[in-house]
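Structure first, then comments.
The values are calculated or read from the model by the stated rules, or taken from the named source; none is laboratory data. In this text, all values refer to a predicted model and were calculated from it rather than measured experimentally. A quick note on method: Cβ atoms are made from the backbone with ideal geometry, for glycine too, and the neighbour counts reach across all protein chains shown. SASA here: full protein model, heavy atoms, side chains in, ligands and nucleic acids out. Shrake-Rupley method; radii C 1.70, N 1.55, O 1.52, S 1.80 Å.
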Protein chains: 2
Amino acid sequence: MRIPILKLGNCLLVSIQWELDDQTALEFQEDLLKKIYETNASGVVIDITSIDFIDSFIAKVLGDVVNMSKMLGAKVVITGIQPAVAITLIELGITMEGVMTALDLESGLEKLKQELGD
Amino acid sequence: MRIPILKLGNCLLVSIQWELDDQTALEFQEDLLKKIYETNASGVVIDITSIDFIDSFIAKVLGDVVNMSKMLGAKVVITGIQPAVAITLIELGITMEGVMTALDLESGLEKLKQELGD
């Protein structure tokens with residue numbers, strides 16, 4: 001099952017609502033990049049509120065997605081990072097530097113709109 | 001796999017991106033009503049752009065969801081009804097009377113906000 005990607009104006013919304021396995025994460029990466037290209041989206045919000053646990057592979061894929069999206073001209077905001085996920089990320093040495101974050105989907109979208117100057 | 005339901009302000013967003021089987025449709029009905037209750041949402045947009053085919057059972061479930069949501073105090077807009085789906089619905093005798101519809105997610109959200117007087 002692939003992760004649904006919603007288009008809202010010039011932004012894409014993704015809400016990951018179950019734990020990602022490696023295969024799904026890679027498919028998601030591919031799907032998102034394809035969708036950015038197809039829709040000419042200038043911003044992406046990835047909401048991971050429902051993720052309680054993250055491993056180094058998934059963290060890497062997420063980080064990669066952000067950088068790849070930048071190359072396609074889309075800014076990415078990751079929202080809803082749970083305390084436990086933040087702890088794991090830092091313990092894994094992943095600081096998500098240069099990645100915009102926000103508490104929830106709504107503030108993520110707002111942040112993105114400010115960044116995009118809408 | 002359950003259909004993700006996103007919360008955006010006082011609205012819920014659902015994008016159905018694959019054909020619904022009967023079981024998934026019923027689970028979706030249950031999940032959505034639970035989420036409306038939990039989040040106290042006043043509006044719901046259900047985007048069915050990716051659905052090319054609809055049968056009488058799914059159509060009934062969708063119609064029921066709209067009426068049930070109304071009982072919980074949430075207005076529903078269905079967006080992205082494909083021409084083929086509209087044809088099937090009318091041929092099945094389902095006119096979706098009283099259901100707000102819009103072409104895409106964005107105009108659906110706008111319609112909803114107008115209705116809610118935001």
- Complete set of residues in the stretch A:53-68 that are more than 20 Å from A:Gln17 (Cβ to Cβ) and open to solvent by less than 30 Å² (accessible area, probe 1.4 Å): A:Gly63
- Filtered residues of the stretch A:14-42 (kept if farther than 28 Å from B:Lys35 by Cα and assigned to a loop (DSSP other than H, G, I, E, B)): A:Asn40, A:Ala41, A:Ser42
- Members of the stretch A:82-103 that are at pLDDT 90 or above, part of a loop (DSSP other than H, G, I, E, B) and open to solvent by less than 70 Å² (accessible area, probe 1.4 Å): A:Gln82
- Message: Cβ-Cβ under 6 Å, sequence separation 6+ or interchain: first residue in the stretch A:106-118 and more than 13 Å from chain B (Cβ to nearest Cβ), partner open to solvent by 50 Å² or more (accessible area, probe 1.4 Å). Which pairs?
- Response: A:Glu115/A:Lys75
- Task: Evaluate the stretch A:75-97: report whether one residue or more is more than 11 Å from chain B (Cβ to nearest Cβ), at positive phi and in contact with a Gly (Cβ under 7 Å, 6 or more places away or on another chain).
- Result: yes
- Message: With farther than 26 Å from B:Val14 by Cα and of a type in the set (Ser, Thr, Tyr) as the only criterion, which of A:Thr88, A:Thr79, A:Thr101 stands out?
- Response: A:Thr88
